[in-house]
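Trainee: The structure is given below, and queries will be raised subsequently.
Nothing in this text is a laboratory measurement; each read-out follows from the coordinates by a stated rule. Computed from a prediction, not measured in an experiment: that's the story for all the values here. Backbone-built Cβ (ideal geometry, glycine too); neighbour counts: all protein chains shown.
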């Protein structure tokens, strides 16, 4: 048991665990994060770099923070840091703060000052008149010795810093136990249950489980706000929680203004277009009639398969279509003249291609395709993290403690006054925890005040 105790009271052990934890977090941040990647990007990584995908599953931010190892690590750091802090506090209280812990910087200077020892002593006491200095006086063999100390608040700043570190570690543990993260896909006009069956994917579940809301959520409208009809400056998703005929409320979700409901936070992640197509066979039979969520923002190309057929449709979208000598272009991202470029493929071979305008029915080899309208879809990130407010409190403690530690750092001065005739030989020596150059300058300034 003594060996275990020695390990836990060792600062080196706590620092080593902290470095290990930070190293793993840095690695996790550098690896791809599946929760913010599109399905196509995830599929590309899985196919082209399977080794990277495997590493990401284990050491990526989602896999790492969900592993028991990452829960145990901050717990061990918390215990070790708490023991070290308590041991240091006990040592300080026993010593009465008479000694500075750890490494210190020393400085000394000897000067001759005109005047009697009593006068020189009073000048030094005046130099130490600030309430930040505490001064004790000893007389040894009729030689006055002044012992000045400053920066006792710095120790308590250090204690507050340690408390902040413990609070941050506690926040990590709380997050590990309570974190819920998932993603939803909302298309205009379609209610989606807030229960787990309405999620595209649930990344993290709380250790003790949780009850999701019983209501449904509907994307009533998605708007993009442009400046000068060119630059997007805001994205607004108006959602309805609940049923129109029963309990419900509307909320505009913006990038920095999420929906908060029953402890969960719903944030806009990205958006896209959901064109409405009616596709018929040559015999007039309807093969597809509905909205299809496609990734078409920024000139991207996307595709889908007609159900129960070997026919594929590849789509590119032009929100404000114009034909130029260099080919089709879009004048802006505003839906002024929405046109689709369509490729019909069978077994990967392009059978026919062309442009599709709103309301137009176009014959594409074996099918007739009509573009009847366009909606928006919005990808929503859902999260609950009870460790976040604890983390904020811990960071406040860390900042205040660090500022107090640096502003009120510990330093001390010993002034020995030896009378020799009409003059006094004064030896000023001292020590400081930080900033030795500033400390030497401070000694010089005090001596100048006394000798002027």
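Trainee: I'd like the FRET efficiency for residue 122 and residue 386, computed as 1/(1 + (r/R0)^6) with the beta carbon distance as r and R0 of 60 Å, rounded to 0.05. Intermediate values should be presented prior to the final figure.
Mentor: On the way: r = 60 Å, r/R0 = 1.00.
FRET efficiency, residue 122 to residue 386: 0.50.
Trainee: Taking neighbour Cβ counts within 10 Å as the exposure measure, how do 12, 150, 316 sort from fewest upward?
Mentor: Values: 12 9, 150 21, 316 18.
Ordered from fewest to most neighbouring Cβ atoms within 10 Å, 12, 150, 316 come out as 12, 316, 150.
Trainee: Give the peptides 58-64, 380-386 in descending order of average Cβ contacts within 10 Å, highest first.
Mentor: The most tightly packed comes first, giving 380-386, 58-64.
Trainee: Shifting gears a bit: Quickly estimate the mean residue ellipticity at 222 nm for the chain, helices only: each DSSP H run with n ≥ 4 gives -39500 (n - 2.57), and the total goes over all residues, rounded to 500.
Mentor: -11500 deg cm²/dmol
Trainee: Right, next: Between residue 16 and residue 420, 0.36 nm times their residue separation minus their Cα-Cα distance comes to what?
Mentor: Working: separation 404, 0.36 × 404 = 145.44 nm, distance 5.62 nm.
Taking residue 16 through residue 420 to full extension adds about 139.8 nm, to one decimal.
Trainee: Still on this model: Just check the range 237-303 against the gyration tensor rule for me: Cα atoms, a ≥ b ≥ c as the square roots of the eigenvalues, rounded for a/c under 1.5, and otherwise prolate or oblate depending on whether a/b exceeds b/c.
Mentor: The shape class here is oblate.
Trainee: Order these by the 10 Å Cβ neighbour count, fewest first: 77, 29.
Mentor: 29, 77
Trainee: Next question, about the same structure. Which order do the peptides 276-284, 117-125 take when ranked by the mean count of other beta-carbon atoms within 10 Å per residue, highest first?
Mentor: 117-125, 276-284
Trainee: Any idea what % of Cα-Cα pairs in the range 148-250 are farther than 21 Å?
Mentor: Everything past 21 Å amounts to 62 percent.
Trainee: What does the C-alpha gyration tensor say about the overall shape of the range 306-384? Classify as rounded when a/c is under 1.5, otherwise prolate if a/b is larger than b/c, or oblate.
Mentor: oblate
Trainee: Does anyone have the angle between helix 152-178 and the longest principal axis of the chain? Alpha-carbon axes, 0 to 90°, nearest 10?
Mentor: With rounding to tens, the tilt is 20 degrees.
Trainee: Further question on the same structure: Starting from the Cα gyration tensor of the range 362-439, take the square roots of the eigenvalues, sort them a ≥ b ≥ c, and report rounded, prolate or oblate (rounded when a/c is under 1.5, otherwise prolate if a/b is larger than b/c, else oblate).
Mentor: Taking the square roots of the gyration eigenvalues as a ≥ b ≥ c, the range 362-439 is prolate.
Trainee: Using only Cα atoms, find the angle between the long axis of helix 117-127 and the longest principal axis of the chain, and express it within 0 to 90 degrees, rounded to the nearest 10.
Mentor: 10
Trainee: Could you put 261, 357, 51 in order, starting from the residue whose Cβ has the fewest other Cβ atoms within 10 Å?
Mentor: 51, 357, 261
Trainee: Quick one, which of (1) 35.3, 124; (2) 39.4, 130; (3) 21.1, 67 is the actual Rg and Dmax of the Cα atoms in Å calculated for this model?
Mentor: Among (1) 35.3, 124; (2) 39.4, 130; (3) 21.1, 67, the one calculated here is (1).
Trainee: Please give the helix 387-407 orientation as an angle from the longest Cα principal axis of the chain, in degrees from 0 to 90, rounded to the nearest 10.
Mentor: Between helix and principal axis, roughly 30 degrees.
Trainee: Let me ask something else about it. Points 7 angstrom from Cα along the Cβ direction at residue 58 and residue 286: gap in nanometres?
Mentor: So the two model labels end up 5.1 nm from each other.
Trainee: Once the piece of chain linking residue 226 and residue 310 is laid out straight, how much longer is it, given 0.36 nm per residue of separation minus the C-alpha distance between them?
Mentor: Result for the pair: 26.2 nm of gain on full extension.
Trainee: Pull out the extension gain between residue 139 and residue 44, defined as 0.36 nm times the separation in residues minus the alpha carbon to alpha carbon distance; nm, one decimal.
Mentor: Going from the current span to full extension adds 26.1 nm.
Trainee: Also, quick follow-up: Based on the Cβ-Cβ distance of residue 434 and residue 29, what FRET efficiency does E = 1/(1 + (r/R0)^6) give at R0 = 22 Å, to the nearest 0.05?
Mentor: 0.10
Trainee: At each listed q (0.17, 0.19, 0.24, 0.26 Å⁻¹), what is the log10 of I(q)/I(0) that the Debye formula gives for the range 2-95 modelled as equal alpha-carbon point scatterers?
Mentor: -0.78, -0.88, -1.14, -1.23
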